[in-house]
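Can you keep this structure in mind? I'll have questions shortly.
The values are calculated or read from the model by the stated rules, or taken from the named source; none is laboratory data. As the structure is a prediction and not an experimental result, all values here were calculated from the model. Note that each Cβ is placed from the backbone with ideal geometry, even for glycine, and that neighbours are counted across all protein chains shown. Accessible surface is based on the protein model in full, side chains and every heavy atom, while ligands, DNA and RNA are left aside. Shrake-Rupley method; radii C 1.70, N 1.55, O 1.52, S 1.80 Å.
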Amino acid sequence: MDAKQRIAQLRSRHGEAEPSGAGVTATQLPAASHEVLARVVQLRETIERHNHAYYVLDAPTIPDAEYDRLFRELQALETQHPELLTADSPTQRVGGKVLDGFAPVRHAVPMLSIRTETDTEARGAFNFDTRVKNALETSNEIEYTCELKFDGLAINLRYERGVLVQAATRGDGESGEDVTQNVRTIHCIPLHLKDCKADVLEVRGEVYMSRKDFNRYNGKQREQGLPTLVNPRNGAAGSIRQLDPKLAAQRPLSFFAYGLGEVRGWELPATHSAILDALQGFGLPVCDERAVVAGAQALAEFHQRVAAKRDTLPFDIDGVVYKVNSLALQKQLGFVSREPRWAVAHKFPAEEQLTVLRDIEVQVGRTGKLTPVAKLEPVFVGGTTVSNATLHNEDEIRRKDVHIGDTVIVRRAGDVIPEVVGVVLERRPADAKPFVMPTTCPVCGSHAVREEGEADARCSGGLFCAAQRKQAILHFASRRMMDIEGLGDKLVDQLVDEHIIRSLPDLYRLDVATLASLDRMAEKSAQNIVAALEQSKHTTLNRFLFALGIRHVGETTAKDLARHFGKLEAIMSASVEQLLQVPDVGPVVAQSIADFFAEDHNKEVVNELRKSGVHWEENEGTAHLVLPLTGKTFVLTGTLPKMSRDEAKTRLEALGAKVAGSVSKKTDCVVAGTEAGSKLDKARELKVPVWDEAALLALLANNGEGFTP
Ligand code: IVH
């Protein structure tokens, strides 16, 4: 629908006669009302265009502030002229009234499900292709569309003359529930279709929650001690069935179209792939990860290719879907027991499984962190057998209500550490035991302390605790730090348990005879380790800093510190204020570094290591350089239209600025792009100057000279 038609439609809704002929001309309406109408129509179109660019194409075109301005202007016009407000206005995406329940919706065309090919190997593809060819009594190669099988909730979107009028869940396939209000809050679902003249077009697809949105949502919930979502699919299903649309609007959902329901007044193309292309053309989100292929081998290759990148996709999938591409052949194939013969879901190994939690063990990490680890009845999940899974911390166990003896849901997605995500309460045995976090360290018996505001309990034993000592030595020796080859965990266990090593400098006192006297240690391996120790003495300042295991100092911070100060002495004697001048170092990190070097025994460890020959080259560092933006602190937030935040950060730092992660009174300037959230609010609250990207680009073009925020 173009702007003129939209205006005509609005007029007719207000009871005005539609002018004859195609167009609406200024002379046929009172000037003021025509102007307001035209502006409302224009604003809605502009806002929806930006929504599409942002949520569907993932390529925002205007800064957040500009979007907000347009949105507020539309809201104001709709408040002044309530008769212009329509349910399909983008202002109505925020969620309306709380519902008592969902009204039933009878599907014009039943929403069927598809057969699942359980053979997760390539054979699954061949089985399907054979069934199709047998049913068609042909030996010709068949053309298929391959799609992803999204792990969410099936939804039917009903568009009448291009306007979204209803959204319904699948329900039992014959009738579902009216969830229009909640679906309207999904920003990537167009409220109007582009260039779609169909009287009725029902679009079917999957509502899902992206992994990023899932993690962000759970992170926020955790921070506030509120319940978290078990997985993105539950997140999607829960939000769609949420009776308060304002709550639904807070849970960020997305959508992919994959098919059609009832269609009237639109001539269908000849193939399924052409339908998907057309839907994409109407402005609907259709996943780009799709292909048109011929023959079983190509199906199997698609399955394999997608399986290999499953973990890197921004959303969960549980397999792929193959569909015969020709609609004529689809018709010929028809259905068996309410499942189409022309489509199949070819699954991947599940990333979640149920198993029994036998026990909970508490492990001690390098920094003394106590982690409860689930000891599980071994279960095959995400492609491997899992018998240990993290339970994160005490609060998580309580929140998930995990008892020893429970049947739990274990999740292992990609290379991420397996975790227990939930409990099947109905299967709790009578003798299930609640877990009690120990008040002392299970390794050394020191007090376990949990500081206020911290999620983790820690062993207070420090390097007195054998577990922490072992981890500290392994950390020191690892490849990206001192790189001492051959010093693995079995050897470190022995060295610590037999009191051969009490602290890091003892490592450099090891000799071949001592090492060779240990279990499973041949003379040759002992020599290799001594040689590796010798070699490790020649290092760099950043590796050495990282190796010391200072809390919050990872590889990147160690590099930043080394570059800034150039010398270890300078770091050891730096004040918190001086440390804060280092790029990326915030108050928590600065305090942690200062605390570490304030301890005499840490200074002693450093001195002894240097005495035993550990050395590196030092330089003047960059701290003394005075650049145009030295001493100025910037905060970047939101998506910048032209450059990535990383690029902006690198360029600002090259001019001497510090780019901080949070806004405070000391921030000199906040640069805000689109979707700028709480940082922008904070900047306004503290009256910190806010720039857009254009202002930043001008400053960079001027090499940072003349900075006045
Ligand atoms: S086609 C008649 N395509 O999987 C064909 N379904 O039983 C109808 N699903 O819950 C389904 N991704 O919501 C189709 N690319 C895809 C899909 C897909 C996920 C879901 C669907 C339904 C189940 C199929």
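Just by accessible area at a 1.4 angstrom probe, what is the order of Phe71, Phe597 from largest to smallest?
Phe71, Phe597
For the stretch 127-190 and the stretch 518-548, what is the centre-to-centre distance using only Cα atoms, to the nearest Å?
For the stretch 127-190 versus the stretch 518-548, the Cα centre distance is 59 Å.
Under the rule of at least 5 residues apart or a separate chain, name every residue whose amide H is placed under 5 Å from the amide H of Cys287.
Ala257
Which ³J(HN,Hα) values, rounded to whole Hz and listed in residue order, are derived for the stretch 423-432 from phi using the Karplus coefficients 6.51, -1.76 and 1.60 in 6.51 cos²θ - 1.76 cosθ + 1.60 with θ = phi - 60°, glycine and proline given as x?
10, 9, 4, 4, 9, 5, x, 4, 9, 4
Just to verify a number: FRET efficiency for Asp88 and Ser478, C-beta to C-beta distance, R0 = 51 Å, to 0.05?
That gives a FRET efficiency of 0.30.
Given 0.36 nm per residue, what is the gain on full extension from Lys687 to Asp58 after removing their alpha carbon distance, in nm?
Between Lys687 and Asp58, full extension yields 223.3 nm more.
Let me make sure I get this right: for the stretch 550-655, a, b and c are the square roots of the gyration tensor eigenvalues over alpha carbons, sorted descending. Under 1.5 in a/c it's rounded, otherwise prolate if a/b > b/c, else oblate. Which is it?
The shape class here is prolate.
Another question about this same structure. What's the carbon and sulfur percent of the stretch 321-408's accessible surface, probe 1.4 angstrom, rounded to a whole number?
The C+S portion of the solvent-accessible surface of the stretch 321-408 is 50 percent.
Counting only protein heavy atoms and a 1.4 Å probe, tell me what percentage of the stretch 498-597's accessible area is made up of carbon and sulfur.
Looking at the stretch 498-597 in its full context, I get 50 percent from C and S.
Another question, if that's okay. Only helical DSSP H runs with n ≥ 4 go in: add -39500 (n - 2.57) per run for the chain, normalise by residue count and round the 222 nm mean residue ellipticity to 500 deg cm²/dmol.
After summing the helix terms and dividing by the residues of the chain, the value is -10500 deg cm²/dmol.
Set the Förster distance to 35 Å, then compute FRET efficiency between Arg399 and Lys197 from the Cβ-Cβ distance, nearest 0.05.
0.10
To the nearest µm²/s, what D does Stokes-Einstein give for the chain at 4 °C and 1.567 mPa s, using the Kirkwood radius over alpha carbon pairs as Rh?
So the translational diffusion coefficient is about 43 µm²/s.
Taking the Cα of Lys133, stepping 7 Å toward and past its beta carbon, and measuring to each backbone N in the stretch 263-295: which are under 12 Å?
Output list for this probe position: 295.
Hey, rough spin-label estimate for Ser33 and Ser644, points 7 angstrom out along Cα→Cβ, what's it come to in nanometres?
Modelled inter-label distance: 5.4 nm.
Follow-up question, since we're still on this one. Rounded if a/c is under 1.5, else prolate if a/b is larger than b/c, else oblate: which is the stretch 199-304, with a ≥ b ≥ c the root eigenvalues of its Cα gyration tensor?
Here the stretch 199-304 falls in the oblate category.
Compute the relative contact order of the stretch 181-285 as a whole-number percentage, counting only Cα pairs closer than 8 Å that sit 6 or more residues apart in sequence.
Across the stretch 181-285, relative contact order equals 46 percent.
Also: On C-alpha positions alone, give me the angle between the axis of helix 3-13 and the longest principal axis of the chain, in degrees, nearest 10.
Helix 3-13 and the main axis of the chain meet at about 70 degrees.
Here is a follow-up. Give the accessible area for Val443 in Å² (nearest 10); use a 1.4 Å probe, count only protein heavy atoms, and leave out ligands, DNA and RNA.
Result for Val443: roughly 80 Å² accessible.
What accessible area, in Å² to the nearest ten, does a 1.4 Å probe give for Tyr217?
Tyr217 has an accessible surface of roughly 40 Å² with all protein chains in place.
By how many nm would the segment from Val424 to Ala328 grow when fully extended, if each residue of separation counts as 0.36 nm and the alpha-carbon distance is taken off?
The Val424-Ala328 span can extend by a further 30.0 nm.
If you don't mind, there's one more thing I want to ask. Just the accessible area for Phe707, please: 1.4 Å probe, Å², rounded to the nearest 10?
Here the accessible area works out near 30 Å².
Pairs of Cα atoms under 8 Å, at least six residues apart: use those to get the relative contact order of the chain, whole percent.
9
How do Lys309, Lys433 rank by accessible surface area computed with a 1.4 Å probe, from largest to smallest?
Solvent-accessible surface, decreasing: Lys433, Lys309.
Roughly how many Å² is the accessible area per residue of the chain, as a whole number, for a 1.4 Å probe?
Value for the chain: 49 Å² per residue.
Could you check how much of the accessible area of the stretch 39-135 is carbon and sulfur, as a whole percent, using a 1.4 Å probe?
Here it works out to 54 percent.
May I ask for the angle, rounded to the nearest 10°, between helix 296-309 and the longest principal axis of the chain, with both axes built from Cα atoms and the value confined to 0 to 90°?
The angle comes out near 50 degrees.
Taking 0.36 nm per residue of separation and subtracting the Cα-Cα distance, what length does fully extending Ser678 through Leu99 add?
205.5 nm
Against the longest alpha carbon principal axis of the chain, how many degrees, from 0 to 90 and to the nearest 10, is the axis of helix 523-536 turned?
With both axes taken from Cα atoms, the answer is about 80 degrees.
How many angstrom lie between the Cα centre of the stretch 644-678 and the Cα centre of the stretch 471-486?
Comparing the Cα centres of the stretch 644-678 and the stretch 471-486, I get a distance of 35 Å.
With r as the distance between the Cβ atoms of Lys212 and Arg610 and R0 = 56 Å, compute the FRET efficiency 1/(1 + (r/R0)^6) and round to 0.05.
About 0.80, to the nearest 0.05.
Step through the table entries Lys220/Lys246; Lys537/Lys603; Lys212/Lys309; Lys559/Lys642; Lys220/Lys687, compare each Cα-Cα distance with 22 Å, and write down the pairs that go over it.
Lys559/Lys642; Lys220/Lys687
May I pose another question? I need to check one value: relative contact order of the stretch 190-239, counting alpha carbon pairs closer than 8 Å and at least 6 residues apart, in percent.
36
At 1.4 Å probe size, put Ile473, Ile500 in order of accessible surface, largest to smallest.
Descending accessible area places them as Ile500, Ile473.
Rounded to whole Å, give me the distance from the Cα center of the stretch 341-411 to that of the stretch 584-599.
With the stretch 341-411 and the stretch 584-599 each reduced to a Cα centre, they are spaced 35 Å.
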